[in-house]
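The values are calculated or read from the model by the stated rules, or taken from the named source; none is laboratory data. Please read all numbers here as calculations on a predicted model, not as lab measurements. As a convention, Cβ positions derive from the backbone with ideal geometry for all residues, glycine included, and neighbour counts pool all protein chains shown. Calculation scope for accessible area: heavy atoms of the full protein, side chains included, ligands and nucleic acids excluded. Shrake-Rupley method; radii C 1.70, N 1.55, O 1.52, S 1.80 Å.
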Amino acid sequence: EQVLETLELLSRLCRRDILHNGQLSSYIQYFDFFTIHAQRKSVAIVANACAIVNNSDFGTIEDLFLTLKLIFVNCTDQTIVSRLLDTLYGICGGIKDVNMLESLFTTEIAQHLIKLISNNDTALDGKLKCLDILALIVSHCPKIAHTILKSPNLSTTLEKCLYQYGKNSNASLHETIMFVPKNLLNSISRFLVLLFPPEIEQILTVKNTNF
């Protein structure tokens, strides 16, 4: 654990060296056998390194994702989840190639991000991170965006997220929205705008406009 603590401190200052040494996945390779403290440190190392990734690091990130994806969809510790979200945000923000992103960010990851948004245990900061990641994914990956758009639970999930801030469990949605943090409403709106495909010829708009 002392080694991981030292490496975590170094990763804040020498993240490029840790990213480019080709052993990034080794920090979480034995994640399940670590204590919770060691798990948090190992994920923090990865998160710090992934803050500066770009397309040239795809091989390293692809290898990392073999383990990272399993940890992400199964982890319940909120401290670790928060750093995993930092990791995913750094990756989807740094890698611009559509094919690379679609090979990394599977439907399973996207669905888990959506699930976290509606989870009562997820703090506001975590919800915002999830929405930021989803916004980046759907803006670059049409296939994943199409899959999310077809999800039958998307609207229910977003409503559940909003109703967590209501003052009355029986209140209507428009009454509840008054109490939802503005930054959360902005993030949800941005995600939805990017999720829906652009209406190039504006056929639907013309057909539904009443003069």
Q. Name the residues in the stretch 28-48 that are part of a helix (DSSP H, G or I), farther than 14 Å from Arg12 by Cβ and open to solvent by 10 Å² or more (accessible area, probe 1.4 Å), would you?
A. Phe31, Asp32, Phe33, Ile36, His37, Gln39, Arg40
Q. Residues in the stretch 128-140: is at least one open to solvent by less than 60 Å² (accessible area, probe 1.4 Å), free of Cβ contacts under 8 Å to residues at least 40 places away in the same chain and either within 27 Å of Ile80 (Cα to Cα) or out of contact with any Leu (no Cβ under 9 Å at 6 or more places or on another chain) (or both)?
A. no
**Q.** Subset of the stretch 82-104 (residues that are aliphatic (A, V, I, L, M) and either part of a loop (DSSP other than H, G, I, E, B) or open to solvent by 60 Å² or more (accessible area, probe 1.4 Å) (or both))
**A.** Ile95
**Q.** The one condition in (1) open to solvent by 60 Å² or more (accessible area, probe 1.4 Å); (2) over 24 Å from Asn99 (Cβ atoms) that Leu66 fails to fulfil
**A.** (2)
Q.
Out of everything in the stretch 144-179 that is touching a residue at least 40 places away in the same chain (Cβ under 8 Å) and in a loop (DSSP other than H, G, I, E, B), what residue ends up being nearest to Asn120 (Cα to Cα)?
A. Gln164
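Would a scan of the stretch 40-59 turn up a residue that is β-branched (Val, Ile, Thr), more than 19 Å from His112 (Cβ to Cβ) and over 22 Å from the mean Cα position of the chain (by Cα)?
Taking every residue of the stretch 40-59 in turn, none turns out to be β-branched (Val, Ile, Thr), more than 19 Å from His112 (Cβ to Cβ) and over 22 Å from the mean Cα position of the chain (by Cα).
Would you point out which residue out of Thr107, Thr79 is in contact with a Lys or Arg (Cβ under 7 Å, 6 or more places away or on another chain), open to solvent by 10 Å² or more (accessible area, probe 1.4 Å) and under 26 Å from Ala135 (Cβ atoms)?
Thr79
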Q: Please verify whether the stretch 98-106 includes one or more residues that are over 23 Å from Ile148 (Cα atoms) and out of contact with any His (no Cβ under 9 Å at 6 or more places or on another chain).
A: no
Q. Listed residues Pro198, Pro142, Pro152; which is within 18 Å of Val98 (Cβ to Cβ), more than 17 Å from the chain's Cα centre (by Cα) and modelled with pLDDT under 90?
A. Pro198
